[in-house]
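All of the numbers you see were taken from the coordinates with simple rules; none came from a lab. Keep in mind that what you see is a predicted model, and the values were worked out from it rather than measured. Glycine also receives a Cβ, built like all others from the backbone with ideal geometry; neighbour counts cover every protein chain displayed.
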Amino acid sequence: MLSIVVGGLAGLAAALLKASVHYIQHILIRGTENSDFGQYLIYFYPLLGLVLTVIITNYLIHEKLGHGITDILYAISQKSSIIKKIKTWSRAVTSAITIGFGGSAGLEAPIVVTGSAIGSNIALMMHLDYKSRTILIGSGAAGAIAGIFNSPIAGVIFSSEVILAGIGFASFIPLLIAAVAGSIVTQTILGDAILFSFELKDGFITADVPFYILLGVVSGLVSLYFTRVTYWVETRIGKVKHPIARGAVGGLLLALIIFILPPIYGEGYDTILHLLESAESEIIYQSFFDLNYNNTLLFIVFLFGIIILKPVASALTIGSGGSGGIFAPSLFLGAITGFMFAFAINHIFSSEIISLSNFTLVGMCGVMSGILHAPLTAIFLIAESTGGYTLFVPLMLVSAISYSTISYFEEYSIYTKRLIERGEYIPHDKDRQLLSTMRVKKVIEKDLHTIKPDQKLKDLIKLVRKSKRNIFPVVDDNDQLKGIIYLDGIRNIMFDEDAREEVVVSSLMNNPPESVSSTDSMELVMNKFEKCGAWNLPVIDEGKYVGFVSKSRIFNTYRKKLIKDRIE
C-alpha cells in the first residue's frame, strides 16, 4: 500500500517538474523573440540559471548539490536510508531553474532524488525499519523513472540495478506497484507529452550485426570518455571555492560552448527527435555550420564536436553548482554517437546501407549502459520508448558490448566512483554492507572499572573483587588512557601482602595494541582487530578514554542484524 502512495507521489512530482521546466523554457524563448538581442540572450540563460541555483542552494535552503543518485546511494549505505525531508522538493525546484534556463543536464536524477526522499520520509513517518525504508526509497526511484519516461519496466529495472543492487524477489513486488502507480499518474496529468518516444520506421536486419558490434565498442569508449572528462572537469571547477564565483565561471564557459554548438543547450531531447526524423538541418540551425550543411565532412566534424564538448558542458552544469543529472546527457550523447556512426558508414558506402534511426536509438542504449553501468535499464528504456521490442537483439548486443568495454577501464559507475574512493559505499557485498550499517557508538562497553596510575596494587585488587571483567583501564585525572592492566598479568602477585602495599599501578600497565574512535567505520575497526590480534580495544575520542569495544560484542550484534535481515 505504501509503495502505491510513494510511486504515485513520485509520478506527480515528475509531471509537475516536467511541466515547470517546459513552462520556464517557453517564457524565456518567447522573451528572445521580443528582443533585438534575443539570439544572444539564449546563450546567457544557462549562466543566469546556474547563478540563481547557487544563490538558492547556498543562501536560502543551505543544501549541497551534486549527483543526485550518488546522494541516494550514500544515504542507503551510510545514513540508514534516511534522506532529509528538504530533498522531497529542493532538487525539483533547483533543477527546474537550472535546466529550464538551459543547463546542459537532465531532469531524471533530481526527480529520482525527490521520489526517493518521499519514500524515505513516508517510511520514517510510519516508523519502518532500515530494510523497509530502503525498499520505499527504491519504490520512489522506480515511480519517478516510470513517470517521467512512461516506462514502468525501465523504472523497476533502474531501481533494482542502480539503487538497490542485489534486491530479493519479495522486495521486487513493491517496485512493480510503485512503477505502475507513477506511470498512471503521469499519463493522467500529461497524456502523451512524455520526455521521449519514437515509433520505429525500420526493422532489424541480421546483416547489420557486424556494424552493431562495432557500435557497441564505440559506445563503450564514448562512455569512458564521458566518465573521465566529467570527473576531471568537476574536480577542476570545484577548486573555485566561492559558490557564486564557481557558478559564474561555469556559466560563462557553458555559454561559450552553447554559442559554438547550440544543440548542447538544455536536455537535448529535441535534438534526439530531429536525428530520429532525419531533420539534420534543424540540428545545425543558428550555428556556425548552418551555411555549410551540404558539406558532409563538416557536418561529421560538427557532430564530433558535440561528442567532445557535451561531457564538458554537463560537468560544468553540475560541478559549478547546478542541479541536474547525467541520465539525459547520456541519452543525448548516445544518439549523436549512433547517428554519426551510421551517417559515416552510409557516406563511406555512398548509400544508406544501415538505418540512421535504428543506430541512433541503439547508440542511446549503448552509451547509457556504459555511463550508468546499467545495461538492463538502457535496454528496456529504449525498447519501451519505441513501443515494442523490434530492436531487442541489437539493443542487448550493443548494451552488453558497451558495458564490457567501459568495465575493462572503469570498474565503477560515475555514481559510485567517488563514494567507493572515500570508502562510503560497498557494492554487491552483503556482509560488508551489513557491517557498514553498524556504529561503534552502539557497541561501546562502559562497564570496565578504571584506576589511576599512582594507585597501589591493593586498590586494584578491590576492583577485581567487584568487577566481572578481566581488563582494567588506567586513566589519569584528565580522562586520558595511560595503559591497560590484564587480570592474567597480576595473578602471580595478587596474594603477595608486601606487593599489595608497595607495587604502583603504573608499573603493571601495558600499552594498548591499538585504539579506535567512536566515529570510525566498523570496517576500519575490524581491520584493526585483525592486524593486532586483540579481542578488546579502547575507544579514544579527542584524547579522552570513552570505553572499550570487544570483537565478541561486534560479532553478536552482527549475528542479530543478519538474523533480523533474513526474517524481514
Quiz prompt | D_trans [Stokes-Einstein, Kirkwood Rh over alpha-carbon pairs] for the range 445-568, 37 °C, 0.692 mPa s, µm² s⁻¹ | solution = 208 µm²/s
Quiz prompt | With Cα atoms, 0 to 90° folded angle of helix 90-100 axis to the chain main axis | solution = 30 degrees
Practice problem: Give, in nm to one decimal, the length gained when the segment between Ile27 and Ile308 is fully stretched (0.36 nm per residue of separation minus the Cα-Cα distance). | Solution: 98.1 nm
Self-check item: Charge dipole (the chain, unit charges on Cβ, about Cα centre) - positive-most of Ile554, Ile122, Val475
Solution: Val475
Practice problem: Provide, in order from the shortest bin, the percent of all Cα-Cα pairs of the range 206-423 in each 5 Å bin, continuing until the bin that contains the maximum pair distance. | Solution: 1, 8, 15, 19, 19, 16, 12, 6, 3, 1, 0, 0
Exercise. Which order do the peptides 439-445, 49-55 take when ranked by the mean count of other beta-carbon atoms within 10 Å per residue, highest first?
Key: 49-55, 439-445
Quiz item: Taking a threshold of 25 Å on the Cα-Cα distance, which of the pairs Lys417/Lys531; Lys64/Lys241; Lys18/Lys241; Lys417/Lys560; Lys441/Lys531; Lys441/Lys482 fall above it?
Solution: Lys417/Lys531; Lys18/Lys241; Lys417/Lys560
Exercise. Over 21 Å between C-alpha atoms is what I'm after, so list which of Lys79/Lys131; Lys442/Lys466; Lys446/Lys468; Lys84/Lys528; Lys442/Lys551 land there.
Key: Lys442/Lys466; Lys84/Lys528
Self-check item: For peptides 123-130, 2-9, sequence by mean Cβ density within 10 Å, most packed first
Solution: 2-9, 123-130
Quiz item: Rounded to the nearest 0.05, what FRET efficiency is calculated for Arg559 and Ile244 with R0 set to 60 Å and r the Cβ-Cβ distance?
Solution: 0.70
Quiz item: Which of the peptides 380-386, 273-279, 348-354, 552-558 is most tightly packed, and how do the rest follow, going by the mean number of other Cβ atoms within 10 Å of each residue?
Solution: 380-386, 273-279, 552-558, 348-354
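Hey, what's the per residue convex hull volume over the C-alpha atoms of the range 2-190, in cubic angstrom? Intermediate results must be reported in sequence, preceding the final value.
Working: hull volume 19.8 nm³, N = 189.
About 105 Å³ per residue, rounded to a whole number.
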Exercise. Would you kindly calculate the translational diffusion coefficient of the chain, applying Stokes-Einstein with the Kirkwood radius from alpha carbon pairs, for 25 °C and a viscosity of 0.890 mPa s, and quote it in µm² s⁻¹ without decimals?
Key: 94 µm²/s
Quiz prompt | Label zone at Ser404, where the point sits 7 Å out along the Cα-to-Cβ direction: the range 347-383 residues whose backbone N lies under 20 Å | solution = 362-380
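Just subtract the alpha-carbon distance of Glu542 and Lys442 from 0.36 nm times their residue separation and send over the number in nm, one decimal.
On the way: separation 100, 0.36 × 100 = 36.00 nm, distance 1.83 nm.
Here the segment from Glu542 to Lys442 would lengthen by 34.2 nm.
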Practice problem: Give the angle, between 0 and 90 degrees and rounded to the nearest 10, that separates the Cα long axis of helix 130-149 from the longest principal axis of the Cα atoms of the chain. | Solution: 10 degrees
Exercise. Only Lys, Arg, Asp and Glu count, each charged at its Cβ (+1, +1, -1, -1), so figure out the dipole size of the chain about its Cα centre, rounded to 20 debye.
Key: 2160 debye
Exercise. Note the angle between two axes, namely the Cα long axis of helix 243-260 and the longest principal axis of the Cα atoms of the chain, as a number of degrees from 0 to 90, rounded to the nearest 10.
Key: 30 degrees
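Would you calculate a helix-derived [θ] at 222 nm for the chain, using -39,500 (n - 2.57) for each DSSP H run of n ≥ 4 and dividing by the full residue count, to the nearest 500? List each step's numbers first, then the result.
Values: 24 runs with 354 residues, N = 568.
Theoretical 222 nm ellipticity from helices: -20500 deg cm²/dmol.
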Quiz item: Could you give the length gained on full extension between Glu63 and Lys201, defined as 0.36 nm per residue of separation minus the Cα-Cα distance, in nm?
Solution: 45.1 nm
